[in-house]
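Peer 1: Take a look at this one; I'll ask things after.
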Amino acid sequence: MRSYGQYCPVAKASEVLGDRWTLLIVSELIAGADRFNDLARGLPRISRPLLAQRLRGLERAGVIEKRTGATARSSSYHLTAAGEELGPLIKGLAEWGARWAFGEPEPDELDPILLLWWMRGGVNREALPSQRVVVRFDFWAGDGPYWLILKTDDVSVCLQDPGFEVDIAVSANLSALFEVWLGRATLADAQASGMVRVQGVPMLTRAFPSWLALAPIAYAVRSTSQPGG
C-alpha cells in the first residue's frame, strides 16, 4: 500500500482502494463471493499470489475479515462494516462507467467461461423445476461446448461433457450473450436477430429466461442504453 503523503480523506481512501484489482475484489465480495477460489474464478486474470496479497491488504485495512474454517479450503472472506459501506461507491462507479466508459467490447474482454461463471451466480434456483436441467452452450467463435448444470440445490459450470442428456442447447454470438447479461440487449431481441438461439425441450426453453438474472450492474447499463439515458 503506497502512501500519497497527504492528510486528506480522498488520499487515505485511495491508499486502501487504489491498487489494481482491489475494487473488483470488493465488488465480487459485495456480489456474494466469499471463498478464495470463487474470487479467483470471478477474476480469472489476477494471479493467485496477487489475489492473496490484495486480500491481506484489505484485511489489514479493516475492509474485510477472514474467517478460518477447519481447513484452508473452508476459510472465507467477509465484508466488515467498513466494507459494507463501499456498496454505494461500487454502485456509483458502475453507473459512471456505464454512462461514460462502456463502449463496444474488445475481443480479448469476452471470456465465455467467465460469462458462464457470472450467469451461474445469477440463476434463480427457486424457479427451477425439481429435475436437473442440463444446458449446453456453443459459441460461434469456436469456444465450447460448455455446460451449466442447473439444480435447485446447486448450479455448476462444466468445461467437459458431464455425460448427461442435454435439455437446452444455446448457440450464440459471444458478444451478443454478454450484451444480454449486461443489460444492453434483451434475450428476446437477441433471439429475434438470430444472435442467440435457444432450442430443446419446449417447456424448459420457454422457462429458461425466467431462471437467469441479469448482471447486478445491468440496471446501470440499461438506463444509459435507453433514449435520453
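Peer 1: Could you list all residues from segment 115-135 that are under 19 Å from the mean Cα position of the chain (by Cα) and outside any helix (DSSP H, G or I)?
Peer 2: G122, V123, N124, V135
Listed here are the residues, each with its yes/no results for (1) closer than 15 Å to P216 by Cβ; (2) in a helix (DSSP H, G or I); (3) within 20 Å of the chain's Cα centre (by Cα).
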| site | (1), (2), (3) |
| --- | --- |
| V16 | no, yes, no |
| R20 | no, no, yes |
| L23 | yes, yes, yes |
| S27 | yes, yes, yes |
| R54 | no, yes, yes |
| K66 | no, no, no |
| H78 | no, no, yes |
| G83 | no, yes, yes |
| G92 | yes, yes, yes |
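Peer 1: Among the residues of segment 194-211, which ones are closer than 20 Å to W140 by Cβ and either under 24 Å from the mean Cα position of the chain (by Cα) or in a helix (DSSP H, G or I) (or both)?
Peer 2: Those that are closer than 20 Å to W140 by Cβ and either under 24 Å from the mean Cα position of the chain (by Cα) or in a helix (DSSP H, G or I) (or both): M195, V196, R197, V198, T205, F208.
Peer 1: Residues of segment 190-212 being modelled with pLDDT under 95 and loosely packed, with under 15 Cβ neighbours inside 10 Å, which ones?
Peer 2: P209, S210
Peer 1: Go through segment 132-191 and give me each residue that's aromatic (F, W, Y) and closer than 16 Å to A213 by Cα.
Peer 2: Once the filter is applied, which keeps residues that are aromatic (F, W, Y) and closer than 16 Å to A213 by Cα, segment 132-191 yields F178, W181.
Peer 1: What single numbered condition from (1) in contact (Cβ under 8 Å) with a residue 24 or more places away in the chain; (2) outside any helix (DSSP H, G or I); (3) touching a strand residue (DSSP E or B) at 6+ places or on another chain (Cβ under 8 Å) fails to hold for P44?
Peer 2: (3)
Peer 1: Right, something else. Which condition does G183 not pass, out of (1) surrounded by fewer than 19 Cβ atoms within 10 Å (Cβ to Cβ); (2) assigned to a loop (DSSP other than H, G, I, E, B), if it passes all the others?
Peer 2: Tallying (1) surrounded by fewer than 19 Cβ atoms within 10 Å (Cβ to Cβ); (2) assigned to a loop (DSSP other than H, G, I, E, B), G183 fails exactly one: (1).
Peer 1: Restricting to segment 190-229, name every residue that is charged (D, E, K, R) and either touching a Leu at 6+ places or on another chain (Cβ under 9 Å) or closer than 29 Å to I30 by Cβ (or both).
Peer 2: Result: R222, single match.
Peer 1: Testing A141 on (1) closer than 30 Å to R99 by Cβ; (2) in contact with a Gly (Cβ under 8 Å, 6 or more places away or on another chain), one condition comes back false. Which one is that?
Peer 2: Only one criterion is unmet by A141, namely (2).
Peer 1: Search segment 149-161 for residues that are outside the structural domain of G121 (by TED's automatic domain parsing) and pair each with any residue that is surrounded by 12 or more Cβ atoms within 10 Å (Cβ to Cβ) and part of a strand (DSSP E or B) when their beta-carbon atoms are under 9 Å apart and the residues are at least 6 apart or on different chains.
Peer 2: Matching pairs, first to second residue: none at all.
The values are calculated or read from the model by the stated rules, or taken from the named source; none is laboratory data. Because the structure is predicted, anything quoted here is derived from the model rather than measured. Quick reminder, even Gly has a Cβ in these numbers, built from the backbone with ideal geometry, and neighbours come from all protein chains shown.
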